[in-house]
Amino acid sequence: MAVPLPDVEEHSDEHCTARQAVSLEQHSHRRRMRKAQPCNCTYHLSATLLLMFAAENTLGFIPIYPSRCNCLHTSLRMNVCMRARQEHDVAYSQQPRDLSTHNPADTKSLHLKTRRRGVSLFGGLVGSAALISGASLSWTAFPSSAAAADADEVAATLRDVEWEETPPFSREDFRRLDESSDSDFYAAPRLVYHIDERAAAAAKTFYGTLFRDVASRRYGGEHALDVLDLCSSWISHYPSEGKYRRVAGLGMNAEELRANPLLSEHVVRDLNKQPALPYADSSFDAVTCTVSIDYLTRPLDVIREVSRVLRPGGSVAILFSDRLFFSKAVALWTGKDDLEHVYTVGSYIHYGAGDAMGAPRAVDLTPKPLRGIPSFGGAKRNDPLYAVVADKL
């Protein structure tokens, strides 16, 4: 059953401020929530445009610093530039590739990368000037908050939460800058890593531990598991040495799914159009979703289905970082920082699964040695990575 979301009117700057104030009151127990601010759309747009054009040939992707407004006010004003960039990305992704010899590490990511919080116009100008001058300085030196969220704060974000009785979402929260067909957008295979190598290794380690815990809880020890990889691609980030009886992949591109060596079966499905999962009740011991939750426009319906196909004692794990296709991410996601993303994913599980799932918990998976190091001299700060996990009761 679809989760009803109230219709809302088109909003103004005053509406944005009011929405933030309501959100802040709802989440007042979170220490990191800041005072409501009106949209910074004007300077955000200026800084973003400078960065977009300066970084075009330097980085291979465009750094986007979203404003604090979690609506599409700013995004819609960037419509022309973002659509032009999207057309460039799609054209690039459609270049012929030999899957048998393809090395993802040699391919520039097509992602539009976001960092936590908005950057000031001054920061945008400095960053753009550095890129224009050709200096070997990675753009991640200039976000207003370069350090990843603290591990203790990540865990505390979903600890003892007093949830509202009804989902605090509107239809507008799940609007996107690009509302065109997702099937068209993902028609060409993108055989790239969506997180950097250190984050990918952290994901693999986490999944190995999670699967062992599920096997121990459900079967009393080592046991081959039935696993579902939602929003799957050419890689699942699972340990290849793991014990699997069945690994089902559900994604948007058949060529990517066929290239995934771990999948024993796959289904092409657009969850934004068909959130119902094509599997029987209690089919899987674990369900995962890696760096794709930000694209779901009906996340509560999907999570309800996840709960249905999970076996008692099984787990769902949703991993996310700060990389995304900006034009396809939902409005609820694009203006928030890491801890707010953790809270949002936790709310999806709470409201989507209801009493069928235990309380969601958050884990910081960001690789520790390089945590929070700014990027000077070409060195790259590793991607942050977080997991929100819940168990089927």
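The values are calculated or read from the model by the stated rules, or taken from the named source; none is laboratory data. The structure displayed is predicted, hence computed values, not measured ones. Virtual Cβ from ideal backbone geometry, glycine too; neighbours counted across all protein chains shown. Heavy atoms of the whole protein, side chains included, go into the accessibility calculation; ligands, DNA and RNA do not. Shrake-Rupley method; radii C 1.70, N 1.55, O 1.52, S 1.80 Å.
Give me the number: length gained by fully extending residue 258 to residue 152, i.e. 0.36 nm times residue separation minus the C-alpha to C-alpha distance, one decimal in nm.
Numbers: separation 106, 0.36 × 106 = 38.16 nm, distance 3.90 nm.
Going from the current span to full extension adds 34.3 nm.
A straight chain from residue 183 to residue 273 at 0.36 nm per residue would run longer than the Cα-Cα distance by 31.4 nm. One decimal place: the segment residue 393-residue 223 gains 59.2 nm when fully extended, by the rule 0.36 nm per residue minus the C-alpha distance. The order of the peptides 154-160, 179-185 by mean Cβ neighbours within 10 Å, most packed first, is 154-160, 179-185. With a simple spin-label model that places each label point 7 Å from the Cα along the Cα-to-Cβ direction, the separation between residue 201 and residue 213 comes to 2.2 nm.
If you roll a 1.4 Å probe over the heavy atoms of the protein chains, what accessible area per residue do you get for segment 221-275, in Å²?
Numbers: 2390 Å² over 55 residues.
Accessible area per residue: 44 Å².
If you plug the beta carbon distance of residue 265 and residue 241 into 1/(1 + (r/R0)^6) with R0 = 25 Å, you get a FRET efficiency near 0.75.
What's the ranking of 211-218, 200-207 by average number of surrounding C-beta atoms within 10 Å, highest first?
Working: 211-218: 17.8, 200-207: 19.8.
Taking the mean over residues of other Cβ atoms within 10 Å, the ranking is 200-207, 211-218.
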